[in-house]
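Below is one structure, written out as structure tokens, with a few remarks after it.
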Amino acid sequence: MKTLFALAALAITTLSSPVFANAELAQKKNCMACHAVDKKLVGPAYKDIAAKYAGQKDAVAKLSEKVIKGGVGAWGQIPMPANAVTPDEAKTLVTWVLAQK
């Protein structure tokens, strides 16, 4: 019985961790200095980014590239600097951002 509870606790932790891990990664990589989930700061809210790119099949690849290299013009003239992230970290961050509702 203890094993069953331990497995259930592990499953819950494992299934819920990616959401927190991605928010933690965004914090660790200083994304939250310019972005928030639900309001515009220097850059757009993550919910607004998710809405703008909803349904676009190439959104993860396109936005991952922007996270890595930086960009300007999609949300105004304030540039987003290049970020010190790996391609896998960029993909993780973008996938998390696009899941915001």
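Rule-based calculations on the coordinates, nothing more; no lab input. Keep in mind that what you see is a predicted model, and the values were worked out from it rather than measured. Using ideal geometry, Cβ is built from the backbone for each residue, glycine included, and neighbour counts are taken over all protein chains shown.
Once a ≥ b ≥ c are taken as the square roots of the eigenvalues of the Cα gyration tensor of the range 18-98, is the result rounded (a/c under 1.5), prolate (a/b larger than b/c) or oblate (a/b not larger than b/c)? Write out the running numbers ahead of the final one.
Numbers: a/c = 1.16, a/b = 1.10, b/c = 1.05.
Since a/c stays below 1.5, the shape of the range 18-98 is classed as rounded.
Using a 7 Å offset from the Cα along the Cα-to-Cβ direction at both Gln27 and Gln56, what is the distance between the two label points in nm, to one decimal?
Label at Gln27, label at Gln56, 2.9 nm between them.
Just order 31-39, 54-62 by mean Cβ neighbour count inside 10 Å, highest at the front, would you?
Numbers: 31-39: 14.9, 54-62: 11.7.
Result, highest mean Cβ count within 10 Å first: 31-39, 54-62.
Within 10 Å of each residue's Cβ, count the other Cβ atoms and sort Leu25, Leu93, Leu41 from fewest upward.
Numbers: Leu25 16, Leu93 22, Leu41 11.
Exposure proxy ranking, most exposed first: Leu41, Leu25, Leu93.
In nm, to one decimal, how far is the modelled label at Ala74 from the one at Lys39, with both set 7 Å along Cα→Cβ?
2.4
Would you list Ile78, Ile49 from fewest to most Cβ contacts within 10 Å?
The fewest-first ordering by Cβ neighbours comes to Ile78, Ile49.
So which of Lys39/Lys69; Lys40/Lys101; Lys28/Lys52; Lys40/Lys91 end up more than 19 Å apart by C-alpha?
Pairs exceeding the cut-off: Lys39/Lys69; Lys28/Lys52; Lys40/Lys91.
At 7 Å along Cα-to-Cβ for each site, give me the label-to-label distance between Thr86 and Lys66 in nm.
2.4
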